[in-house]
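In what follows, a single structure is set out as structure tokens and then discussed.
The values are calculated or read from the model by the stated rules, or taken from the named source; none is laboratory data. Everything quoted here is computed from the prediction, not taken from an experiment. Cβ placement follows ideal geometry from the backbone for every residue including glycine, while neighbour counts extend to all protein chains displayed. Keep in mind that these areas ignore ligands, DNA and RNA; they rest on the heavy atoms of the full protein, side chains included. Shrake-Rupley method; radii C 1.70, N 1.55, O 1.52, S 1.80 Å.
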Amino acid sequence: MLIAAVFLPLLGAFIAGFFGRIIGDRGSQIVTCLGVGLAALAGIYSFYDVAIEGHKQVVNIATFISSGTFEAQWALRFDTLSAVMVMTVTVVSTLIHVYACGYMSHDDSQPRFMAYLSLFTFAMLMLVTADNLVQLFFGWEGVGLVSYLLIGFWFKKPSANAAAIKAFVVNRVGDFGFLLGIFAVYFLFDAVSFDTIFGAVEGKAEAEVTFFSIHAHALTITCILLFIGAMGKSAQLFLHTWLPDAMEGPTPVSALIHAATMVTAGVFLVARMSPLFEYAPTALTMVTIIGASTAIFAATIGCVQTDIKRIIAFSTCSQLGYMFFACGVSAYQAGVFHLMTHAWFKALLFLGAGSVIHAMSNEQDIRKMGGIWRMIPITFAIMVIGTLAITGIPPFAGYFSKDMVLEAAYAAHTGPGNYAYILGITAAFLTSFYSWRLIFLTFFGTPRADHHTMEHIHESPPVMTGPLIGLALGAVFAGMLGVHYFVGEGREEFWRGAIAVLEEHDSIHHAHESHPAFFIKYLPLIVSLAGAALSYLMYIRKPELPAKLAGMFPGVYQFLLNKWYFDEIYDFLFVKNAFRLGRFFWKKVDTGVIDRFGPDGIAQATVGGARRLGTVQSGYLYHYAFAMIIGIAAIVSWFVIGRPE
């Protein structure tokens, strides 16, 4: 069952990818949905067997790499952390696969698309079940490669190609840091296997290393490098710029990449390597600050965006910030809990947005929507459920996980923890504001679409609404069902050492023991309700107010609309200079030096010499007789004058 949970999506991808033209669109849909569906059943079983029953195990497949004293096994590690991820990934991916059968029904490359989806799922499963860092990196690069293929699936669109390349290149920046981190781990522990590393970490707690002529704490350097990899994959501040552009891919891709899979890989990496991070407090501080800063940064941008998918994308970026600063204050379990609940309601919001786009004849600008909730009632209902979940309204899933993250940050009683709590509360207010703004502008008010679009608005077919209902159930119940096990009284028995936390760092324990004041405990709910109320005031009661505010503060509005100008700054600092450098090497070095004095120069000299010699061949006998006389004179002169004694 454990092997089936991982390899069935690969089998479906193989059949659809290589035999899609033979089995056709419907056959490709059936085989891929069946593959991930059976994997989901196996994933649920593995979750019950491993996380609930406590049957942790490692399934050896084969020797992955063997070179000298270095050996890395290809094995499937099933502990509670892996089981949670496998169940979440497979179940959410199954629903997305089914949804894609309807959403992509008019596309002319359905077998290729379904194969990519299943291959992506397999790569993510390889990542979360890895038993060593080399295998984890294999899955890590696998999701990076397939995400490039999925984002650029509509390759005839230049914008899709540019977005795919951008995602691939930005992720390579983070992946370089991750690779250096793996090298550092091997240098420090002489191993890449998790059990060996975790067993030896306490003995290396005070080890130091010289890195770029800097004498520093070895585990701090190692964890920072690993976190840089996580920043790229999980779109944290400074390496986030690929995320909004990735919306160029089909909506099922957005849901798959930005819900339970690729963007959560960084959070999983930090949680998996928690035994190392616990002995690197400086690295944890960096994780906390970057995570909290990302949460507020993305939330501010989401308040002014107008593309329905980009709003949800920045929402993803913000929620990932919550997960990271939870890990940064050693509340790894709360971070993974929020990862799990977020997978349900974020996939729900993305697929719900896809249903809206489908109904609106591919329109994505929320300024051109409005007044359509009666026409697509199922889509409207599930979008509201997703919004209630993400804004942390009880008893929906986000209430339990987000509140635990914030309580743990407060209970840490550290400078970075307080920083994260304050920004987290502010981000919760903004999240509620822009989430309800999306609902109000999309579904309420006066219809703003053209007459032709309004005439053709219709509810999505059951193949699309069915998965939405399934995700909605998760968005409602995942939090209340999981809170006891993930972060409640049953967490010790549930996690069984899959995540390591030093006793003095256990902020979840401190949060439970400290019994925070009523105001602290319920402040996230209060600010969420306040954000919803402000959104209602600005977009329902006084819809002219947003335009007035934008006119009063044009600089702030443009700053947020242009995403803090990160793209422009990077374009100026890196992209243009890279092009200038490339053009210099092309024109001056390659063409001007290498070609000029190399192959082109030699060829030109040979041709020129041949032409000059060709002029000697005049065809006149007296010219040749004269040349012979000159030659004889030269030989005689050499013998008479130049011959050595």
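Observations
- Under-5 Å amide H pairs with GLY392, H placed in peptide plane, nonlocal only: GLY398, TYR399
- Cβ-defined net charge surrounding ALA130, 10 Å radius [Lys, Arg +1; Asp, Glu -1]: +1
- The C-alpha atoms of the chain define a longest principal axis, and helix 281-302 lies at about 80 degrees to it.
- Close amide H contacts of ALA130 (hydrogens built in the peptide plane, cut-off under 5 Å, sequence separation of 5 or more or a different chain): ARG77.
- Sorting 387-394, 619-626, 554-561 by their mean Cβ neighbour count within 10 Å, with the most densely packed peptide first, gives 387-394, 554-561, 619-626.
- For the stretch 281-345: accessible area per residue (Å², 1.4 Å): 11
- Radius of gyration over Kirkwood radius for the stretch 387-529, both on Cα atoms: the Rg/Rh ratio is 1.10.
- Per-q log10 I(q)/I(0), the stretch 1-92, q = 0.11, 0.16, 0.19 Å⁻¹ (Debye; single scatterer per alpha-carbon; no solvent): -0.40, -0.72, -0.86
- Pairs beyond 27 Å (Cα-Cα), from LYS368/LYS563; LYS156/LYS576; LYS521/LYS542; LYS166/LYS402; LYS309/LYS521: LYS521/LYS542; LYS166/LYS402; LYS309/LYS521
- 20 °C / 1.002 mPa s Stokes-Einstein diffusion coefficient of the chain, Kirkwood radius on C-alpha pairs, µm²/s: 80
- 0 to 90° range, to nearest 10: angle between helix 599-616 axis and the chain longest Cα axis: 20
- The string of couplings for the stretch 238-246 from the Karplus curve (6.51, -1.76, 1.60, θ = phi - 60°) is 5, 10, 9, 5, 6, 5, x, 5, 5 Hz, one whole number per residue in order, with x for Gly and Pro.
- Cα gyration tensor category, rounded, prolate or oblate, for the stretch 23-172 with a/c compared to 1.5: oblate
- In this structure, the amide hydrogen of VAL501, modeled 1.01 Å from its nitrogen in the peptide plane, lies closer than 5 angstrom to no residue at least 5 positions away or on a different chain.
- Both the radius of gyration and Dmax for the stretch 457-590 are 25.6, 69 Å, in that order, over alpha-carbon atoms.
- Among 315-328, 270-283, the order from most to least packed when residues are scored by Cβ within 10 Å on average: 315-328, 270-283
- Using the Karplus relation 6.51 cos²θ - 1.76 cosθ + 1.60 with θ = phi - 60°, the per-residue 3J(HN,Hα) values for the stretch 618-628 come to 7, x, 8, 5, 5, 5, 5, 5, 4, 5, 5 Hz, with x marking Gly and Pro.
- Across the stretch 475-491, rounded Karplus estimates of 3J(HN,Hα) from the backbone phi angles (6.51 cos²θ - 1.76 cosθ + 1.60, θ = phi - 60°) give 5, 7, 9, 4, x, 5, 6, x, 4, 5, 7, 6, 9, x, 5, x, 5 Hz, Gly and Pro being marked x.
- Semi-axis lengths (Å, descending) of the ellipsoid that matches the C-alpha gyration tensor of the stretch 515-571: 30, 21, 8
- If you sort the three axes of the alpha carbon gyration tensor as a ≥ b ≥ c, you get a/c of 1.5 or more for the stretch 115-189 and a/b no higher than b/c, which makes it oblate.
- Dividing the helix sum by the residues of the chain, where each DSSP H run of 4 or more adds -39500 (n - 2.57), gives a mean residue ellipticity at 222 nm of -22500 deg cm²/dmol.
- Cα gyration tensor category, rounded, prolate or oblate, for the stretch 521-645 with a/c compared to 1.5: prolate
- Compared with the dominant principal axis of the Cα atoms in the chain, helix 133-151 is inclined by about 90°.
- Listed pairs LYS157/LYS587; LYS157/LYS233; LYS346/LYS548 exceeding 27 Å between Cα atoms: LYS157/LYS587; LYS346/LYS548
- With all pairs of different C-alpha atoms in the average, the Kirkwood value for the hydrodynamic radius of the stretch 267-398 is 15.9 Å.
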